[in-house]
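The values are calculated or read from the model by the stated rules, or taken from the named source; none is laboratory data. Since we're looking at a predicted model, the values are computed, not measured. Positions of Cβ are backbone-derived with ideal geometry, glycine not excepted, and every protein chain shown enters the neighbour counts.
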Amino acid sequence: MIDANLHTICQKITKGDDQGAFGELFSLLYPKLLPFAVSILNSRESGEEVVEDVFVKLWQNRKMLDAIKNIKYYLLVAVKHTSLDYLNREKKTQHESLENIDLEFGDFELNPENALISRENIVAIQKEIESLPNRCKLIFRLVKENGLKYKEVGELLNISTKTVETQMTIALSRIGSALRKQLAAEGTTDLKKLKEG
């Protein structure tokens, strides 16, 4: 649904030079791109600059938007390359690899899949996500929050699809374990309440 909406927005930009549609595209994707840039650059200000640069270039080349099959993935790749170029321009000789970056992502998003989960469970899930090793956390967020396929994440991070799969298995296993512990704790509390009642 969202991807179909993005496709419609991109068509409006390509065919009609629609600035309103471009603003809509910016509003939809900027919040997903900024944390990725910040995680590479270790600076919110630099991240904002890079993402804005990527959108300026996208507007300049808007006539080619129709040829892009996955705009989210395309922009993530553009942000990655622009961020690395930015680091080179700033003559930072020692920048961290993607494996060691300190991620700055927003809260775990509520969607219909997890809307029925209690607030305590969501907190437990968020806590477990934050405790994942940095590369594992990055991979998990790119798959779950940006909707990228394992192959796309592998290409974006220059790692094998198998590595992405392994990291996702680790992340999901740890999150599942944390959730089971939380549910068990809730069950114990409920039993205590029943006994006391």
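When 16, 20, 47 are checked against the criterion of being within 17 Å of residue 141 (Cβ to Cβ) and not assigned by TED's automatic domain parsing to the domain that holds residue 145, a single residue qualifies: 47. Condition check for residue 70 on (1) surrounded by 13 or more Cβ atoms within 10 Å (Cβ to Cβ); (2) touching a Lys or Arg at 6+ places or on another chain (Cβ under 8 Å); (3) modelled with pLDDT under 85: one failure, at (2). Among the residues making up the stretch 158-187, those that are closer than 26 Å to residue 31 by Cβ and not in a helix (DSSP H, G or I) are 158, 159.
The requirement of being surrounded by fewer than 13 Cβ atoms within 10 Å (Cβ to Cβ) and under 27 Å from residue 158 (Cβ atoms) is fulfilled somewhere in the stretch 34-51, by at least one residue. Pairing each residue of the stretch 1-20 that is over 11 Å from residue 65 (Cβ atoms) with any residue that is among the aromatic types (Phe, Trp, Tyr) and at pLDDT 85 or above, provided the two are 6+ apart or on different chains, yields C-beta distances under 9 Å for 19/59. Filter the stretch 134-157 down to the residues that are outside any helix (DSSP H, G or I) and in contact (Cβ under 8 Å) with a residue 24 or more places away in the chain, then identify the one that is surrounded by the most Cβ atoms within 10 Å (Cβ to Cβ). Checked the stretch 134-157; the qualifying residue surrounded by the most Cβ atoms within 10 Å (Cβ to Cβ) is 148.
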